[in-house]
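*Asks:* I'd like to ask some things about the structure below.
The values are calculated or read from the model by the stated rules, or taken from the named source; none is laboratory data. Keep in mind that this is a model prediction, so the values were computed, not measured. Here the Cβ positions follow ideal geometry from the backbone for every residue, glycine too, while neighbour counts run over all protein chains shown.
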Amino acid sequence: MVQRSRPSGSRTGLRFGYFLAAAASVVLGLCSRRFAASLPEWVADQAGDALWAAMIYYGCRLLRPGRLPSFAAIAAVLFCFAVECSQLYQADWINAIRRTALGGLVLGQGFLAVDLLRYAAGIGMALLLDGLIFARRSGNSQGRSDDADLVRRADPLKGTGRASRHDGEDRQGAGRP
């Protein structure tokens, strides 16, 4: 079995960065609701939902910083769309939860198809910011942490497992597939 080194400092730094990004999304989203009258109408209408979805994306990255950003984006889209579609269900018990402040923020009030577009836009912007900010912090251009660059593969000729940096060619035989 191959041991994989885990630079805990880089993983912890990424998690802290994603925590700050999620917290900033929450604060900006709440401000977009609180100060809606002071914002341009299109910002007040769109920002809250987009920032909520961005917060979900950063939460996914916080939980699994070693996964590809596309994994977090897909997970966030599925979660946001599921929450939005759950608003079609209007039982008394879930509506009672939705009437609370926290329940209303998390579960929303009623289904709007346009919210799906707002979520996609928020996640897309978070994905873009992730690539611009966090990829530099982790030292690669693909938005993954250093651990995610390790590729485990077994050497079919020797029957042993090894870990190597994936760089497009095999380190032992440059021409071997």
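*Asks:* Output the number of the condition that Ala113 fails; it satisfies all remaining conditions of (1) more than 18 Å from Ala53 (Cα to Cα); (2) exposed (fewer than 15 other Cβ atoms within 10 Å of the Cβ); (3) not hydroxyl-bearing (Ser, Thr, Tyr).
*Replies:* (1)
*Asks:* Go through Gly143, Gly139, Gly108 for me and flag whichever is under 22 Å from Ala72 (Cα atoms), touching a Pro at 6+ places or on another chain (Cβ under 7 Å) and either modelled with pLDDT of 85 or more or small (Gly, Ala, Ser) (or both). Let's see the steps before the verdict.
*Replies:* Numbers: Gly139 fails: touching a Pro at 6+ places or on another chain (Cβ under 7 Å); Gly108 fails: touching a Pro at 6+ places or on another chain (Cβ under 7 Å).
Selected residue: Gly143, the only one of Gly143, Gly139, Gly108 that is under 22 Å from Ala72 (Cα atoms), touching a Pro at 6+ places or on another chain (Cβ under 7 Å) and either modelled with pLDDT of 85 or more or small (Gly, Ala, Ser) (or both).
*Asks:* Separate question: How about region 52-95: which of its residues are part of a helix (DSSP H, G or I), free of Cβ contacts under 8 Å to residues at least 60 places away in the same chain and of a type in the set (Phe, Trp, Tyr)?
*Replies:* Phe71, Phe79, Phe81, Trp93
*Asks:* Every residue in region 90-130 that is within 19 Å of Phe71 (Cα to Cα) and among the hydroxyl-bearing types (Ser, Thr, Tyr), please.
*Replies:* Tyr119
*Asks:* Sticking with this structure for a sec: Assuming Ala23 fulfils every condition listed in (1) crowded, with 20+ Cβ neighbours inside 10 Å; (2) hydrophobic (A, V, I, L, M, F, W, C); (3) modelled with pLDDT of 95 or more apart from one, which condition is it?
*Replies:* The failed condition is (1).
*Asks:* Same structure again: Among what's in region 98-110 and is loosely packed, with under 13 Cβ neighbours inside 10 Å, outside any loop (DSSP other than H, G, I, E, B) and free of Cβ contacts under 8 Å to residues at least 12 places away in the same chain, pick the residue that is farthest from the chain's Cα centre (by Cα). Before the answer, list the steps.
*Replies:* Quick first cut of region 98-110, residues loosely packed, with under 13 Cβ neighbours inside 10 Å only: 99-102, 104, 106, 109-110.
Remaining after also requiring outside any loop (DSSP other than H, G, I, E, B): 101-102, 104, 106.
From what is left, the residues that are free of Cβ contacts under 8 Å to residues at least 12 places away in the same chain are 101-102, 104.
Numbers: Ala101: 24, Leu102: 21, Gly104: 22 Å.
The residue in question is Ala101.
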